[in-house]
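**Q** Below you will find the structure I want to go over with you.
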Amino acid sequence: MVFTFLAAIAVAVTVPAFALADVTGKVTVIDGDTFDVGGTRVRLFGIDAPEADQTCTTEQGQKWQCGAWVGQIVHERYSGTRAVCKEVDRDLYGRVVATCDIGGTDVGETLVSEGLAFAYRRYSMAYDLIEKSAAIRDVGLHASRVQDPSQFHKTRARGRIPPDRSCPIKGNISSKGTRIFHMPGQRDYERTGIRTDRGERWFCSEDEAVRAGWRAARR
C-alpha cells in the first residue's frame, strides 16, 4: 500500500502538464524565429531574431531594415522544406517552443552562427558560444548596431501579453467600433494589442466574451 502511494506521488511529480511531442511537416516561415510546421505554430527554442519591422544602424550611422532582411533570408532558405521539431515548452501565446532540424542541421544553431539571430540566454545557453564566435567574425547582424530583439519586442508588446495567463482572449475594438475577440493561435492574435483605456478587455472564456457583446474573429 505504501509503495503504491509513493509511486503515485512520483508519477504526479514527474508527468508534465502537457505531453511533449515531435512536430514534423512542411515549413511556412512566419518570421526569423517562428515557423508553421505542418500547420503547427513553432517558436524556435533558444534563439531570438529581430522583429520584421526592426531596424539596425551601420557603422556609418545609416539605418536599414535588418528585421525584414533576416526574414527574407530565412524565408528563401527554409520555406517549403521539411522540418522535424522536438518540443521543449509552450509559450504565453500557446505556441510550441522547439528545436528544429532541417536536412540534418539544427536551424537555431545555423541562424545564430550566421549572425541572423541571437542566443536567447534568458531561456537557454545552448547557443551562447556560437553567438560569441559570430560576433568576433562580425557576420550578419553583428556588423551593425542592433537593439536586443527581446527589448524591442518588450517595448512593442505592451498590451499584447495577457496579464493573467488564465484569461488570454483578446477583446479588441476595431476602427469601425466592432467588438471582436481573438483566440490564441488565430492569425491576428499575436499582433493585437489591448487598450483597456479604450474599452478593450481580456476574457477568460469564449462564452464570457460573447455575453459581453464581442464576436469571434473569423481568422
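The values are calculated or read from the model by the stated rules, or taken from the named source; none is laboratory data. Note that the structure is a prediction, hence the values are computed from the model and not measured. Because the Cβ atoms are built from the backbone with ideal geometry, glycine has one as well, and the counts that use them run over all protein chains shown.
**Q** Quick check on the stretch 109-119. Is at least one of its residues of a type in the set (Asp, Glu) and free of Cβ contacts under 8 Å to residues at least 12 places away in the same chain?
**A** Scanning the stretch 109-119 turns up no residue that is of a type in the set (Asp, Glu) and free of Cβ contacts under 8 Å to residues at least 12 places away in the same chain.
**Q** Here are some conditions: (1) farther than 30 Å from THR24 by Cβ; (2) out of contact with any Cys (no Cβ under 9 Å at 6 or more places or on another chain). ARG187 meets all but one. Which one does it not meet?
**A** Here ARG187 clears every test but (1).
**Q** Of the residues that make up the stretch 166-184, is at least one over 27 Å from VAL210 (Cβ atoms), of a type in the set (D, E, K, R) and not in a strand (DSSP E or B)?
**A** no
**Q** Would you point out the residue of the stretch 41-81, among those that are of a type in the set (Ser, Thr, Tyr) and modelled with pLDDT of 95 or more, that is surrounded by the fewest Cβ atoms within 10 Å (Cβ to Cβ)?
**A** The selected residue is SER79.
**Q** If you go through the stretch 121-133 one residue at a time, how many are among the aromatic types (Phe, Trp, Tyr) and modelled with pLDDT of 95 or more?
**A** Total meeting the criteria: 1.
**Q** Got a number for residues in the stretch 82-108 being without any contact (Cβ under 8 Å) to a residue 24 or more places away in the chain and either assigned to a strand (DSSP E or B) or buried (at least 18 other Cβ atoms within 10 Å of the Cβ) (or both)?
**A** Total meeting the criteria: 3.
**Q** Follow-up. How many residues, within the stretch 162-198, are surrounded by fewer than 11 Cβ atoms within 10 Å (Cβ to Cβ) and on the phi > 0 side of the Ramachandran plot?
**A** Here the count works out to 1.
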